[in-house]
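What follows is a short report on a single structure.
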Amino acid sequence: MRTQVGIIGAGPAGLLLSHLLYSQGIDSVILESRTREEVETTIRAGVLEQGTVDLLNAMGVGDRMRKEGHFHDGFELRYNGRSHRINVRELTEGKRVTVYAQHEILKDLIHARLRTGGTIVFGAKNVSLDGVDTEKPTIRYREEAEGELRELTCDFIAGCDGFHGPSRPMIPQSVRTDYERRYAHGWLGILVEAPPSASELVYANHDRGFALLSTRSPEIQRMYLQVDAKDDIANWSDDRIWNELHARLETREGFQLTEGRIFQKGIVSMRSFVCDPMQYGRLFLAGDAAHIVPPTGAKGLNLAAADVQVLARGFEGYYKAGKTEILQRYTEICLKRVWKAERFSYAMTQLLHRNPEHSPFERRLQLAELEYIASSRAASLSIAENYVGLPMDFEGVS
Ligand code: APR
Ligand code: PHB
């Protein structure tokens, strides 16, 4: 098989890229190791920046998001039993965030891509890359475990295969710098059958640790608790989870958290990671394959969407006008924005989580920072403009 751009991974990065290329008349094939059902049911975050929403709408895949998504004009910071609302819409001149689960976006993207004749090979086994520094890179894979080895010959390969995929290791260690920060804490996440307890997301800093109240639909809520990254979900009975949520989300005004049946729970670890460069020869990394943020700022999917917009413009320039400027500057253009999102996600994580290594002095500084944000328009604006998404910056690229 032959294609112009071979894409590894049918997550947000791979699927969005395939759509963008299709709209430019550029051919692509996606190879995905998981089944379609697995891809469409894996629970992930779901906060979309304005730019990501605009992209989905422009691609014609925003219908269900517009109907079923929740549009939030702000969010709440909670600490010392008090609430402070960040009025995102007012501070950012009309921008807002949309809460719509990532797997629902994936369903919409897969459905639309298959309808337009796109090729997505689900359940691909033994995916490997070859010749990424030559003119004709190839991807080898099997459709079944014992099946014959197939070959996809490409002009370019887009490594959209997440943090553990085979693409990033193809960039030799000698030319690559990996920047990494791990965190001692993780997030215990639950899905609950209950009505929302708040009209917007609540980020709570409490002596017992961070808690987050999010939503999925009028009937299903998403909630998180800071726990030790090495903790075992077996240690967390439903009762223990509810006790912690009640304690960490309490307010002086008597906030009421509505309980319900917990039908999904799990613990995820957190890390910050950046790979520089994001390109080697004819291999381009996008999304989690190149960088990871802790979930506190909800930036993961949005960063993937930003990368592939740069990459699609690069391929468009190459195929339509023989220009390689954007492709050559791919790492530089993407990492500028990525590092700002890394900074924001790290800062939100430090601001909101209890750090067991903090001295009482550092704990008071954390609370003073929250007080400062609550009392300063400039500090609130800084959080709001990052939360809603920094602009794409192509700087002089035509
Ligand atoms: N062969 C083929 N596909 C692979 C392989 C492989 N060897 N390894 C991983 N994949 C697939 C995964 O199964 C997954 O569907 O690549 C896809 C990568 O998708 P994501 O991990 O979602 O990464 P990305 O598309 O960059 O999206 C980034 O979405 O999933 C979230 O936390 C993530 O929020 C972040 C954002
Ligand atoms: C989520 O709803 O899963 C979610 C919301 C906000 C975050 C992270 C995750 O910051």
Exercise. What are the residues in segment 132-162 that are closer than 14 Å to SER33 by Cα, touching a residue at least 60 places away in the same chain (Cβ under 8 Å), of a type outside the set (D, E, K, R) and assigned to a loop (DSSP other than H, G, I, E, B), if any?
Worked result: CYS160, GLY162
Exercise. Within the bounds of segment 352-360, is there any residue that is in a helix (DSSP H, G or I) and in contact (Cβ under 8 Å) with a residue 60 or more places away in the chain?
Worked result: yes
Problem set entry | Residue satisfying all of: in segment 57-91; among the aliphatic types (A, V, I, L, M) and part of a helix (DSSP H, G or I); farthest from PHE255 (Cα to Cα) among these | ALA58
Exercise. In segment 163-193, how many residues are small (Gly, Ala, Ser), closer than 30 Å to PRO137 by Cβ and touching a residue at least 24 places away in the same chain (Cβ under 8 Å)?
Worked result: 2
Exercise. Just a yes or no: is a residue in segment 313-325 in contact with a strand residue (DSSP E or B) (Cβ under 9 Å, 6 or more places away or on another chain) and among the aliphatic types (A, V, I, L, M)?
Worked result: no
For this session: Mind counting the residues in segment 23-54 that are assigned to a helix (DSSP H, G or I) and either within 14 Å of GLN102 (Cβ to Cβ) or aromatic (Phe, Trp, Tyr) (or both)?
Result: 6
For this session: For segment 202-250, name all the residues that are away from ligand 1 (no atom under 16 Å from the Cβ), touching a residue at least 60 places away in the same chain (Cβ under 8 Å) and within 24 Å of ASN87 (Cα to Cα).
Result: VAL202, TYR203, ALA204, ASN205, HIS206, PHE210, THR215, SER217, LEU249, GLU250
Exercise. Taking SER199, is it modelled with pLDDT of 95 or more and exposed (fewer than 13 other Cβ atoms within 10 Å of the Cβ)?
Worked result: yes
For this session: Determine, yes or no, whether LEU77 is crowded, with 17+ Cβ neighbours inside 10 Å and more than 16 Å from ligand 2 (Cβ to nearest atom).
Result: no
Problem set entry | Which numbered condition PRO169 misses (of (1) assigned to a strand (DSSP E or B); (2) within 14 Å of ligand 1 (Cβ to nearest atom)) | (1)
Problem set entry | Which listed residue is among the basic types (Lys, Arg) and either within 16 Å of ligand 2 (Cβ to nearest atom) or within 30 Å of TYR141 (Cα to Cα) (or both), from ARG66, ARG85, ARG89 | ARG85
Exercise. Going by the conditions given, is ILE8 in contact with an Asp or Glu (Cβ under 6 Å, 6 or more places away or on another chain), of a type in the set (A, V, I, L, M, F, W, C) and in contact (Cβ under 8 Å) with a residue 40 or more places away in the chain?
Worked result: yes
Seminar exercise, completed: Considering segment 1-49, residues that are at pLDDT below 95 and near ligand 1 (Cβ under 9 Å from one of its atoms), and then whichever is surrounded by the most Cβ atoms within 10 Å (Cβ to Cβ), we arrive at ALA45
Exercise. If you go through segment 1-22 one residue at a time, how many are part of a loop (DSSP other than H, G, I, E, B), touching a Gly at 6+ places or on another chain (Cβ under 9 Å) and away from ligand 2 (no atom under 16 Å from the Cβ)?
Worked result: 1
For this session: Tally the residues that are closer than 17 Å to SER345 by Cα and among the charged types (D, E, K, R), restricting the search to segment 39-88.
Result: 3
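The values are calculated or read from the model by the stated rules, or taken from the named source; none is laboratory data. This is a predicted model, so every value here is computed, not measured. In this analysis, Cβ positions are derived from the backbone assuming ideal geometry, glycine residues included, and neighbour counts consider all displayed protein chains.
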